[in-house]
Amino acid sequence: MSALREKIAAIPLARKAYQGLIYCGLHSGLPELWRAVTGRRHVILTFHHVRPAGQSADLFDSCPSMSVDYFRKVIEDVSERFTVLSLHKLCGYAGKDPCAAITFDDGWRDNYDVAFPVLRELGIPATIFVTTNKIGSSRPFWQQILGKVFRHASENPDGQPSRTLGAALQVKSNTPLTASHYRQTVLRWKKLASGRIDGLLREAGCAALLPEQPRCFLSADEIREMAQAGFTFGSHTVTHPILPCESHSTAEQELAESKASLENLLGYTIDMLAYPDGQDSPEIRACARSLGYRIGCTTRGRWLSSKDDRMRLPRLDLSCDFCDGRCEFPAELPRHRWPSV
Ligand SMILES: [Zn+2]
């Protein structure tokens with residue numbers, strides 16, 4: 001014990017004040033602040049779509065996206081400020097350097113076509129969370145299908161599809177079906193079980209309006225090629241349901257079957273998971289653990305803390321904060337997002 005501490009300990013009032021300071025420091029986020037100031041912080045970044053050069057954001061797609069130019073800026077900035085590790089290595093890292101891990105959700109084809117060449121050139125590893133029944137598929141999620149119907153309805157407000165969609169959503173006949181209306185509908189429908197959403201899509205006339213389109217998810221060959229280049233893969237379930245909205249048996253099946261099909265495809269044990277829409281619950285985490293998952297990612301947007309449950313890791317999504325589909329990204333990466341390191 002130091003001489004100063006001995007003196008403090010000898011005076012009852014001073015001892016109480018000293019103990020109070022220590023207690024407040026430990027319980028007021030000061031350790032977090034200290035780590036921020038000293039730069040000893042880690043972060044997991046999330047990406048979804050990376051758009052090729054010249055392609056603007058789709059107002060009628062609620063899935064976050066980022067232009068390839070901005071993506072490159074983010075990755076260059078991150079690799080200047082952090083040691084970029086694979087997610088597995090970051091989770092086991094005990095050193096003092098600030099570290100980052102790069103993750104992608106859903107398994108979109110542009111992860112291979114657009115993001116992979118940038119990451120390979122810069123020597124940056126990444127983890128992709130794949131929705132396994134979408135591997136090689138040209139059918140997007142219900143959010144994109146609904147977006148196509150909304151776009152069609154907004155461009156042809158007097159057409160039958162617009163009336164069908166308006167009736168399904170129970171809006172007044174003269175209400176314009178805008179991009180913001182689309183986003184509100186997506187948020188509302190996300191609270192429903194997947195069977196109910198299928199029924200609503202049919203009511204909204206989505207099946208009749210879905211055109212043929214090119215493959216939009218990663219193929220099995222692309223996944224294997226990226227795995228050989230050092231990328232790692234995790235489950236994003238089989239069909240991308242919001243797991244806490246589903247029954248226990250459905251959630252268990254989604255977690256078990258997606259794990260098995262990725263293991264079958266890649267030949268190694270899959271123990272990482274990203275919860276669709278970042279939504280988990282104590283029951284879902286317990287179920288995932290019992291199936292052999294060891295790392296679970298949410299979309300709670302903050303830095304990593306040493307106290308974080310490995311099955312409930314936070315991740316930062318830079319695209320959501322700055323774009324939200326309405327504008328192009330600022331030319332410079334906003335520096336205030338990062339601590340001084
Ligand atoms: Zn997702």
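Where a number appears in this text, it was derived from the coordinates with a stated rule and is not lab data. Everything numeric in this text was worked out from a predicted model, so none of it was measured. All Cβ positions, even for glycine, are placed from backbone atoms using ideal geometry, and neighbour counts span all protein chains on display.
A few points about this structure:
- Stretchable slack from Asp158 to Tyr268, in nm (0.36 nm times residue separation minus alpha-carbon distance): 34.2 nm
- Note that the range 43-51 has calculated 3J(HN,Hα) couplings of 8, 10, 9, 10, 10, 10, 7, 10, 7 Hz, one per residue in order, obtained from phi through the Karplus relation 6.51 cos²θ - 1.76 cosθ + 1.60 (θ = phi - 60°); glycine and proline are x.
- R0 of 56 Å, Cβ-Cβ distance Ser249-Ser305: FRET efficiency to nearest 0.05: 0.95
- Flagged links, alpha-carbon separation over 30 Å, of Lys73/Lys191; Lys190/Lys259; Lys148/Lys191; Lys134/Lys307: Lys73/Lys191; Lys134/Lys307
- As a proxy for reagent exposure, Asp308, Asp113 were ordered by neighbouring Cβ count within 10 angstrom, fewest first; the result is Asp113, Asp308.
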